[in-house]
Amino acid sequence: MTTDPKYIFVTGGVSSSLGKGIIAASLAKLLQAQGYRTTIQKLDPYINVDPGTLNPYEHGECYVTDDGAETDLDLGHYERFLNVPTSQANNVTTGRIYQSVIDKERRGEFLGKTVQVIPHITDEIKNRIQILGNSGEYDIVITEIGGTVGDIESLPYIESVRQLKWDLGPENALVIHLTLVPFLSAAGELKTKPTQHSVKTLMESGVQADVLVCRTEHELNDGIKVKLARFCNVKKEAVIQSIDASTIYDVPNMMLDEGLDKVVLEKLGLPSIAPDLKQWNQFLGRLNNPKNEVTIGLIGKYVELQDSYKSILEAFIHAGAENEITVNVEAIHSEYLTDGNIKFKLQHLDGVLVAPGFGERGIEGKIEAVKFVRENNIPFLGICLGMQMAVIEFARNVLHLENASSTEMDEGTPHPVIDLMESQKDVVDKGGTMRLGSWDCDLEDGSIVSNTYDDQIIKERHRHRYEFNNAYKKQLEKAGLKATGYNPETGLVEIIELPSHPWFVGVQYHPEYKSTVANPHPLFVAFVGAALKHKLKK
Ligand code: GLN
C-alpha cells in the first residue's frame, strides 16, 4: 500500500481493566491477517517516564523490547498477537512527553514563547503518535490511550486525538470507544446508561466515537444495540459486543464474528477480505485439545497478582499448545517457603520456574526451592533473579561457600558469586539504567540450550544490574555447574546448566518476552516437554 497511514484510536470508558489492550491487539491481528501492515502503540497518562521504576503491584509486569525500552505490559500482548517486535516508539507516557518538552524549553527551542499544554504538550503527543505512521513501515497504526475518559490526566491525550482526527480527516482516523454494559441481576437487565454517559464525556472533549466495543457478561440483543446506536450517534453495525472469553486468544475470532474489522475498514475507506487466520486457528486447535497436562510451580514474590508475571504465564500457554498439553501453573509465594515445608509444597510438581525479581524479600525461599528441585531431579528453569539464585544455591550447598550471595542482597558477602557489573558501579539513577534490551549470546555445543535453539548465536532480552561473577566460574564448573551461554563480546555468563540433572537451566535473560503465538519460545517449549517427561516417569 502506498497511501498515507490510517490511525485508529482506542479509548476506554466506564471502568478500567476492560481489556483495551486485548481489543487493540485482536483488531490488529484481523487487519494484519488481511495484509495490512499494522502496529499498536500505548499512551500511558501517568507521570513516570517509563514503568521501569514501578512496582509490579502498580501496573503489573514491566515488558522489555529489543531496543531496551521498559514498557507497559500491553506491548507484550501486541507482540504475542502480531509476532512483530515493538520498540520505545510503541509506548509513551506523560512523563516522557513532559521531559522532552521541558528539555526543548531549556534548549531555547520555543523562542521565547510561553510553553503550554495546548499546543506544546499536545503537539508533542501528536508527533509521538505519528512517529510510527511516518516511518513508512505501517499501513495502520492503532493507538491505545491508557486510563478512562474523564480522568484529568487523560485530557491532553483526548485533546490530541480530537486535533488529529480533524487534521487527518474522517477517512484517515477513527475512534473506538470501549465501555462496559453491566448486567443488573436485581432488574434482570443489561444497562446502557453508563455507556451513554461515557460517550457523552468523550463528546465534551469534542471527540465522537465511531465504534463502540461493549464489554458484557451477557449477549447484547438487537434492541440493546439499536438503543446504544441511537443514543451514541453510531451505526448499529458499529456497536460491537465483547463478551467474556475463556482465553484472550479467542478474542480475534469473536471480533471477526462481530464484524469489528469490517466496520473499521469501511470507515477508513479500505477494502476488506476474509482474514487468513489459519496459523492462529491451528494454535487454538492445539490449545483446546490437550492430550495431557503438567503442573509447574511458579515461585515468586508477586504471585498473588496475575499481571506481575504476565509474559511467563502466556509463554506457558504457547509452550503448552506446542506440546499439545495443558500447563497448569501453581503460584507459590517464595516468602513462605522454608526447609520445613518445601517438600510438601513442591514434591508433586512436574517442573519449577523461579521467577525474576529485585531485592531481598523472598530470596531464601527461592534458594530452598532450587535446592529441592536440584536434589530431586525436578525440571528447573530459573529466569534472571531465578538463575542468580541457582548459582547462589550451588555455591552454598555444593561448594560449601558459606553465606555466598549476590551483592544486591548482601553487600558484605564473603562470596559474591553474583555481583554488580563494573559498568554499573557508578550508576546513580534507577530509571532506564539497567542492562536492558537485546544482547547476543553464544551457546556452548552439546548443552541443553544448544539442542533447544535453532541457532548457535541467539539474541535475548535483558533487564538486570547484577551478573554471574566470573571469578567463581572455575570452581562452580569443576563442581558440576556449567556455563553454557556467553556474551561473545564481554564474556559474561548468560546461561548455566547442570549436566548431571535431567533438565536444569538458568538464564540471565528473559525468554518470556519473546514468546508469541506464531513462535512459542523454544526454551519454554523444551521446559514443558521436560516436565511432561518427568511426569510420565513418575
Ligand atoms: N535483581 C536482579 C538484578 O538486577 C535480577 C533482575 C531480574 O530478575 N530481572 O540483576
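The values are calculated or read from the model by the stated rules, or taken from the named source; none is laboratory data. All of these numbers come straight from a predicted model, not from anything done at the bench. Every residue, glycine among them, receives a Cβ derived from its backbone with ideal geometry; neighbour counts consider all protein chains shown.
Overview of values
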| read-out | value |
| --- | --- |
| Which numbered condition I448 misses (of (1) closer than 17 Å to M389 by Cα; (2) within 30 Å of the chain's Cα centre (by Cα)) | (1) |
| Some residue of segment 491-500 being assigned to a helix (DSSP H, G or I) and either in contact with a helix residue (DSSP H, G or I) (Cβ under 9 Å, 6 or more places away or on another chain) or among the hydroxyl-bearing types (S, T, Y) (or both) | no |
| Single match in V517, V505 (criterion: assigned to a loop (DSSP other than H, G, I, E, B), surrounded by 22 or more Cβ atoms within 10 Å (Cβ to Cβ) and not hydroxyl-bearing (S, T, Y)) | V517 |
| Residue match in segment 310-326 (condition: at pLDDT 95 or above, farther than 18 Å from Y249 by Cα and under 23 Å from the mean Cα position of the chain (by Cα)) | no |
| Matching residues, segment 83-103, being buried (at least 21 other Cβ atoms within 10 Å of the Cβ) and aliphatic (A, V, I, L, M) | V92, I97 |
| In segment 499-538, the residues that are in contact with a Lys or Arg (Cβ under 7 Å, 6 or more places away or on another chain) and more than 19 Å from H462 (Cα to Cα) | P499, H501, F504, V517 |
| Residue count for segment 196-227, restricted to those that are over 32 Å from the mean Cα position of the chain (by Cα), modelled with pLDDT of 95 or more and outside any helix (DSSP H, G or I) | 1 |
| Whichever residue in segment 400-418 is more than 31 Å from the chain's Cα centre (by Cα) and within 15 Å of the ligand (Cβ to nearest atom) and, among such residues, is surrounded by the fewest Cβ atoms within 10 Å (Cβ to Cβ) | E411 |
| Condition broken by I296, with the remaining ones in (1) within 16 Å of the ligand (Cβ to nearest atom); (2) more than 19 Å from the chain's Cα centre (by Cα); (3) outside any helix (DSSP H, G or I); (4) at negative phi satisfied | (1) |
| Segments classed as helices (runs of 4 or more DSSP H), wholly inside segment 352-470, with at least 3 members that are charged (D, E, K, R) and either without any contact (Cβ under 8 Å) to a residue 40 or more places away in the chain or in contact with a helix residue (DSSP H, G or I) (Cβ under 6 Å, 6 or more places away or on another chain) (or both) | 363-375 |
| Any chance K345 is in a helix (DSSP H, G or I), touching a residue at least 12 places away in the same chain (Cβ under 8 Å) and within 13 Å of the ligand (Cβ to nearest atom) | no |
| Filter result for the condition that a residue is buried (at least 21 other Cβ atoms within 10 Å of the Cβ), farther than 29 Å from I47 by Cβ and under 28 Å from the mean Cα position of the chain (by Cα), over I140, I158 | I140 |
| Residues that are among the hydroxyl-bearing types (S, T, Y), surrounded by 21 or more Cβ atoms within 10 Å (Cβ to Cβ) and within 14 Å of the ligand (Cβ to nearest atom), drawn from segment 426-475 | Y466 |
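Residue-wise test of (1) under 24 Å from G169 (Cβ atoms); (2) without any contact (Cβ under 8 Å) to a residue 60 or more places away in the chain; (3) assigned to a helix (DSSP H, G or I); (4) among the β-branched types (V, I, T).
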position: A229; (1), (2), (3), (4): yes, yes, yes, no
position: I240; (1), (2), (3), (4): yes, yes, no, yes
position: S246; (1), (2), (3), (4): no, yes, no, no
position: Y249; (1), (2), (3), (4): no, no, yes, no
position: D257; (1), (2), (3), (4): no, yes, yes, no
position: E266; (1), (2), (3), (4): yes, yes, yes, no
position: G269; (1), (2), (3), (4): yes, no, no, no
position: F283; (1), (2), (3), (4): no, no, yes, no
position: R286; (1), (2), (3), (4): no, yes, yes, no
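Conditions tested, residue by residue: (1) of a type in the set (A, V, I, L, M); (2) surrounded by fewer than 22 Cβ atoms within 10 Å (Cβ to Cβ); (3) touching a strand residue (DSSP E or B) at 6+ places or on another chain (Cβ under 8 Å); (4) under 24 Å from V449 (Cα atoms).
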| site | (1), (2), (3), (4) |
| --- | --- |
| V327 | yes, no, yes, yes |
| S334 | no, no, yes, no |
| N341 | no, yes, no, no |
| G351 | no, no, yes, yes |
| E360 | no, yes, no, no |
| V391 | yes, no, yes, yes |
| A395 | yes, no, yes, yes |
| V398 | yes, yes, no, yes |
